[in-house]
1. Restricting to segment 50-60, name every residue that is open to solvent by 40 Å² or more (accessible area, probe 1.4 Å) and touching a helix residue (DSSP H, G or I) at 6+ places or on another chain (Cβ under 9 Å).
2. Has segment 167-190 got at least one residue that is assigned to a loop (DSSP other than H, G, I, E, B) and among the hydrophobic types (A, V, I, L, M, F, W, C)?
3. Right, Ala87: out of contact with any strand residue (DSSP E or B) (no Cβ under 8 Å at 6 or more places or on another chain), open to solvent by 50 Å² or more (accessible area, probe 1.4 Å), closer than 21 Å to Val182 by Cα and of a type in the set (Gly, Ala, Ser) or not?
4. Applying the selection to segment 25-49, what residues are part of a helix (DSSP H, G or I) and either exposed (fewer than 13 other Cβ atoms within 10 Å of the Cβ) or touching a Phe, Trp or Tyr at 6+ places or on another chain (Cβ under 7 Å) (or both)?
5. Any chance segment 139-147 includes a residue that's open to solvent by 40 Å² or more (accessible area, probe 1.4 Å), aromatic (Phe, Trp, Tyr), within 30 Å of Leu31 (Cα to Cα) and at pLDDT below 95?
6. Return the total of residues in segment 151-181 being open to solvent by 30 Å² or more (accessible area, probe 1.4 Å) and among the aliphatic types (A, V, I, L, M).
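The values are calculated or read from the model by the stated rules, or taken from the named source; none is laboratory data. This structure is a prediction, so every number in the text was calculated from the model and none was measured. Cβ sites come from the backbone with ideal geometry, for glycine too, and all protein chains shown count toward neighbours. Please note that ligands, DNA and RNA were not included when accessible areas were found on the heavy atoms of the full protein model with its side chains. Shrake-Rupley method; radii C 1.70, N 1.55, O 1.52, S 1.80 Å.
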Amino acid sequence: MPHQPADPSPRPSAHRAAAVVAVALAGCGGLLLVLVAIRWHPLLGLDGDVSRTTHRWAVREHGLTHAFRILTDWVWDPLTMRLVCAAAAGWLVWRRAAWWTALWLAVTVALGTIVQQSVKAAVDRPRPIWPDPVDSAHYAAFPSGHAMTATVVCGLLLWLLHRFGAGRALWRTAVSVAVVSVAGVGLTRVWLGVHWPSDVVGGWLFGALVVALAVTVYEWPRGGRARSPRG
């Protein structure tokens with residue numbers, strides 16, 4: 001009887017991989033949250049040094065500061081990001097009849113907002129205060145709502161494009177837009193003096209954590225096997 005080669009080891013399931021990423025992000029985000037909450041001096045010193053430098057630039061470079069205000073208030077504003085997500089959810093229902101995926105997308109964005117506001121209230125970190133501010137913002141500083149919302153929305157939409165099998169040109173364009181948006185919104189919030197750098201990093205970490213958990217939930221019902229985004 002001929003010897004049959006053993007089957008190759010199965011690749012990790014999608015939901016297991018997402019769960020591992022979520023655990024790593026939770027550890028990093030939790031550590032940063034603790035350091036901010038206890039006001040760890042090295043972190044505060046780094047935040048202050050970076051923020052004072054960027055604020056001097058913001059006061060001096062009026063044109064660039066004005067452009068950054070337009071970007072952060074209109075293009076990368078959390079409301080704009082949520083409207084993009086709502087449009088994507090509507091497209092999923094209209095063109096694909098993907099009710100479950102559209103609901104999953106909307107609920108994830110809503111839960112991300114709840115997490116963001118809950119952490120802000122729990123930490124209650126003061127925002128930077130300047131004698132010559134170039135912009136203003138409300139609520140507590142940590143984590144950055146702009147950075148977190150952009151990360152959640154861009155992360156979810158990129159993952160859906162990947163699952164739908166987007167073409168190479170579309171995928172590369174989407175990744176470029178997402179990277180510029182997520183990095184750019186963080187830069188504008190620090191430049192405008194309304195967030196400490198660690199607020200932005202916290203927004204990125206918590207936003208990525210929400211995406212990883214959402215993917216884990218999405219993949220879980222079928223044990224990590226490929227699930228069509230059409231249902």
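1. If the condition is that a residue be open to solvent by 40 Å² or more (accessible area, probe 1.4 Å) and touching a helix residue (DSSP H, G or I) at 6+ places or on another chain (Cβ under 9 Å), then Val50, Trp57, Val59 are the ones that fit.
2. From segment 167-190, those assigned to a loop (DSSP other than H, G, I, E, B) are 167; that's our starting set.
Remaining after also requiring among the hydrophobic types (A, V, I, L, M, F, W, C): none.
No, that holds for no residue.
3. The answer is yes for Ala87.
4. Gly27, Gly29, Leu31, Val34, Val36, His41, Pro42, Gly45, Asp47, Asp49
5. We begin by selecting, within segment 139-147, every residue open to solvent by 40 Å² or more (accessible area, probe 1.4 Å); these are 139.
In the following step, the residues that additionally are aromatic (Phe, Trp, Tyr) were identified as 139.
Still in the list and also within 30 Å of Leu31 (Cα to Cα): 139.
Next cut, at pLDDT below 95 only: 139.
Yes, segment 139-147 contains at least one residue that is open to solvent by 40 Å² or more (accessible area, probe 1.4 Å), aromatic (Phe, Trp, Tyr), within 30 Å of Leu31 (Cα to Cα) and at pLDDT below 95.
6. 10
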